[in-house]
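*Asks:* What follows is a structure written as structure tokens; I'll ask about it next.
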Amino acid sequence: MLSRPVALAQIWKSWFSSHSLVGNKNIILMGPPGAGKTTVGRIVGQKLDCPFIDIDDDVLETTWNMSVSEKLQDVGNEQFLEEEGKALLKFTASGSVISLTGSNPMHSVGMQHMKKNGIVVYLDVPTTVIMSRLKSMKVDRIVGQSPGISLKDILQFRKQFYKRWYDIRVLCGGDIAADIVAEKVLDAVKRYQNSELETFISTRSSRSERSMEKDTHKYFSDVVTEGLAPDGGLFVPERGLPKFAAGEWQSLIEATYIERAQVILERCIHPADIPASKLAEIIGTAYGENFTCSKIAPVRHLSGNQFLLELFHGPTASFKDFALQMVPHIFAYCIPRSCNYLVLVATSGDTGSAVLDGFSRLHDTDKQRIAVMNFFPEDGVSPIQKSQMIGCQKENAWSVGVKSDFDFCQTAIKQILTNSDYTGFLTVEYGTALAAANSINWARLLPQIVYHASAYLDLVHQDIIPFGSPVDVCIPTGNFGNILAALYAKMMGIPIRKCICASNENNVLTDFIRAGVYDLRGRKLIPTFSPAVDILKSSNLERYLHLIANEDGQLVTQLYNQLENQGHFQLRKDLLEKLQQDLVAGWCSEEDCLAAIHSVYSTTGYILDTHTAVAKVVADRVQDRTCPIIISSTAHYSKFAPAILRALRIAEIKQNPLSQLHLLSSYSPLPPVHWGLLETLKKKGNGDHQVCAADMSMLMSHIETLIQNHFM
């Protein structure tokens, strides 16, 4: 099976020789007027010892025998663009650095001609900086300007064309010097041509094993497809995550959520795996129309120094939508066309409906070759969550209730995925491969990094804090994925001081963070009002331990073998000290959870969901109030209506989930009852769902039956 998009990889290798950064291709600098393309281009040309060509001076003015401004005044805006495009079509060069005009990208045919023999580098400068530069340069007219249309409007309008054509983006925030921008361009081009440097390793692989497996590198496309490493570990980037300079983060303060997501994910996903244009399409599809709030992940002031990061505006009303509106499209792009795929997922409540909804939105041709099976604890989710998972079933998406808890479901999927005899049988017999969509899949974590970074930038944008001032974050945590994404955002340069891990009565993580002992002996899972964190075996903790252990896969393997065989492990003192530099923990009882919901509603009119209430209680207890704290509001309260009605001390609670939501809605709550849940519960869905015993052979039988029914 080919590990990445083949056609792209073949084009890739032909673009550069192994001895030259440029070869016979051009580096083409693109951006708005005032972006510094000409100055930067000259510096890049000098460093590479290759020709520099300025389209304005060296092509247009020599072709027209007049200045560009004279030509614009002579023929007008529309004709100017056409004349400019014709000049591009007659232009050829190789092995050069080329500076485009600010309006070149608006001529489609001309840009197609230029891209055939070059890499387009977008110098992305904030509009406010460009406005200031143009003013100081005394530029009073650019192509497209006319009475009633401001310079700012034109610059905003042009962004769509720049975004259409670039291969590489270089962030150029503030008053960054041209020679520094030139270095960034060279670094970006080197990264572009060296996809081999961005490989992934297992959290359980030793350094000696990695040195022996150089010919079997895993890339982003591979880890998305495979989900779990063959040795049972989790995939992580071998060279870590990219780091953004302070100025680069600051250049995103004015950006929209979708723009921030594009910039951050471009740096985390190599264009050999997903080109920038395709990534933009995926992000636009995921967040363009599927979220009810235009800000996607708004930050709302709650009280005092506490702010809520609202992560429930997606179609299934939980933070899982941020990843699972994107991952299906990433998955469909990355997998080989020669094989069908069945995606397995275990859920403690929210993941299930988010996975089912996300994969059901694929194009029809993709739905024919990709199906998803969702396993959830039959008696371990809220009634509305169960109704939602049944209602979200589609022709390629099914739910199976398991007579056990989430930990059994998650462990079973890991064992199935690493059972080479079984997966091999499915591939040979049915032409179907298995994959995972839980947060054990690396692609699930990346979109979560975005909203933690975006929340910080929103506080800066709202003048709550200046950039560089620290914040704390408090996250209700079970499987450790969401809080790990916040830790990753911190590593990438977001000034997060402490990540506060908030547990419910299943407080194994709290005990671990406080004492360094992960101990499952004698623990039984306690069903709570916050089922998404009713988890004892926290999968993504493994990635964090691998990180603080300096990628010591042998140590991670030893710890998790001990957990599997003996039910516990203990961190060394030095690792616990590292961990406690990043993490603080606390837990919340059921009574305190309901009391917090009632208290916040009484004082503000705002309704917290049960998981957010857990985080609120813990934040009140452990945060020192010396800086703002962002509390992740991970789900909409509508999903937990019985608990919310009880917390609000409403006596009559009807059993029907739809009636419960209508009752809540009658109180005119803030925020309103979630529209997506109402619509899902109004539908009959695809009837009932399958229920299965907590038995591995039964789960495997369900998988095989689904494959036969859908793919054969």
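*Asks:* Once R0 is set to 25 Å, what does the formula 1/(1 + (r/R0)^6) return for the Cβ-Cβ distance between Lys90 and Ser67, expressed as a FRET efficiency to the nearest 0.05?
*Replies:* Working from the Cβ atoms, E equals 0.85.
*Asks:* Using modelled amide H (1.01 Å from N, peptide plane; none on Pro or chain starts), what sits under 5 Å from the amide H of Gly118, excluding residues fewer than 5 places away?
*Replies:* Asn26
*Asks:* Asn24 to Ser294: FRET efficiency via 1/(1 + (r/R0)^6), r the Cβ-Cβ distance, R0 45 Å, to the nearest 0.05?
*Replies:* E(calc), rounded to 0.05, equals 0.50.
*Asks:* Counting helices only, and only those DSSP H runs with n ≥ 4, report the 222 nm mean residue ellipticity of the chain as the sum of -39,500 (n - 2.57) divided by its residues, in deg cm²/dmol to the nearest 500.
*Replies:* -14000 deg cm²/dmol, from helical runs alone.
*Asks:* Hey, what's the range 642-712 come to in accessible area per residue, 1.4 Å probe, Å²?
*Replies:* Values: 4100 Å² over 71 residues.
The answer is 58 Å² per residue.
*Asks:* If you roll a 1.4 Å probe over the heavy atoms of the protein chains, what accessible area per residue do you get for the range 296-437, in Å²?
*Replies:* Value returned for the range 296-437: 26 Å² of accessible area per residue.
*Asks:* Using a 1.4 Å probe on the protein chains only, how many percent of the accessible area of the range 26-193 belongs to carbon and sulfur?
*Replies:* The nonpolar share, carbon plus sulfur, comes to 50 percent.
*Asks:* At a Förster radius of 22 Å, what calculated FRET efficiency corresponds to the Cβ-Cβ distance of Phe425 and Arg337, to the nearest 0.05?
*Replies:* 0.50
*Asks:* Among Leu509, Ile55, Phe408, pick out the residue whose Cα is farthest towards the positive end of the charge dipole of the chain, where Lys and Arg carry +1 and Asp and Glu carry -1 on C-beta, about the Cα centre.
*Replies:* Most positive-ward Cα: Ile55.
*Asks:* What trypsin sites (Lys or Arg not before Pro) in the range 241-279 are in a loop by DSSP, with at most 12 other Cβ atoms within 10 Å of the Cβ?
*Replies:* Lys243
*Asks:* Taking a probe of 1.4 Å, how large is the accessible area per residue of the range 26-193, in Å²?
*Replies:* Solvent-accessible surface per residue comes out at 45 Å².
*Asks:* Go through the range 194-202 residue by residue and turn each phi into a ³J(HN,Hα) via Karplus (6.51, -1.76, 1.60, θ = phi - 60°); whole Hz please, and just put x for glycine and proline.
*Replies:* In residue order, the calculated couplings are 10, 5, 5, 7, 9, 10, 10, 10, 8 Hz.
*Asks:* Here's another thing I want to ask about it. List the trypsin sites (Lys or Arg not before Pro) within the range 472-544 that DSSP assigns to loop and that have no more than 11 neighbouring Cβ atoms inside 10 Å. Numbers along the way, then the final one.
*Replies:* Details: sites: Lys490, Arg497, Lys498, Arg514, Arg521, Arg523, Lys524, Lys537, Arg543; in loops: Arg521, Arg523, Lys524, Lys537.
Answer in residue order: Arg521, Lys524.
*Asks:* For volume of the Cα convex hull per residue in Å³, one of (i) 370; (ii) 220; (iii) 169 was computed from the structure I shared and the rest are decoys. Which label?
*Replies:* Matching the structure shown: (iii).
*Asks:* Counting only protein heavy atoms and a 1.4 Å probe, tell me what percentage of the range 459-586's accessible area is made up of carbon and sulfur.
*Replies:* Carbon and sulfur: 48 percent of the exposed surface of the range 459-586.
*Asks:* Can you work out the Karplus-derived ³J(HN,Hα) for every residue in the range 472-480? Use 6.51 cos²θ - 1.76 cosθ + 1.60 with θ = phi - 60°, whole Hz, and x for glycine or proline.
*Replies:* 9, 10, 10, 10, x, 10, x, 8, 6
*Asks:* State the extension gain, in nm to one decimal, for the chain segment bounded by Gln368 and Ser666, taking 0.36 nm per residue of separation less the distance between their alpha-carbons.
*Replies:* Values: separation 298, 0.36 × 298 = 107.28 nm, distance 4.22 nm.
Net length gain for the segment: 103.1 nm.
*Asks:* Follow-up question, since we're still on this one. What is the extension gain from Ser659 to Thr604, computed as 0.36 nm multiplied by their sequence separation minus the C-alpha to C-alpha distance, in nm to one decimal?
*Replies:* Extending this stretch completely gives an extra 17.3 nm.
*Asks:* Pop a pseudo-label 7 angstrom from the Cα along the beta-carbon direction at both Glu209 and Arg239 and give the gap in nm to one decimal.
*Replies:* In this crude label model, Glu209 to Arg239 measures out at 2.3 nm.
*Asks:* Would you mind calculating the relative contact order of the chain from Cα pairs under 8 angstrom and at least 6 residues apart, reporting the percent as a whole number?
*Replies:* Once normalised by length, the contact order is 13 percent.
*Asks:* For the pair Gln46 and Thr705, how long in nm is the line joining their label points, each one 7 Å along Cα→Cβ?
*Replies:* Inter-label distance under the simple model: 7.3 nm.
*Asks:* Show the residues, 5+ positions off or on another chain, whose built amide H is closer than 5 Å to the amide H of Cys474.
*Replies:* Excluding prolines and chain starts, which carry no amide H, the hits are Ile500, Ile630, Ile631, Ser632.
The values are calculated or read from the model by the stated rules, or taken from the named source; none is laboratory data. Note that this is a predicted model, so its numbers are computed, not measured. In this analysis, Cβ positions are derived from the backbone assuming ideal geometry, glycine residues included, and neighbour counts consider all displayed protein chains. These accessible areas exclude ligands, DNA and RNA; they are computed on the full protein's heavy atoms, side chains included. Shrake-Rupley method; radii C 1.70, N 1.55, O 1.52, S 1.80 Å.
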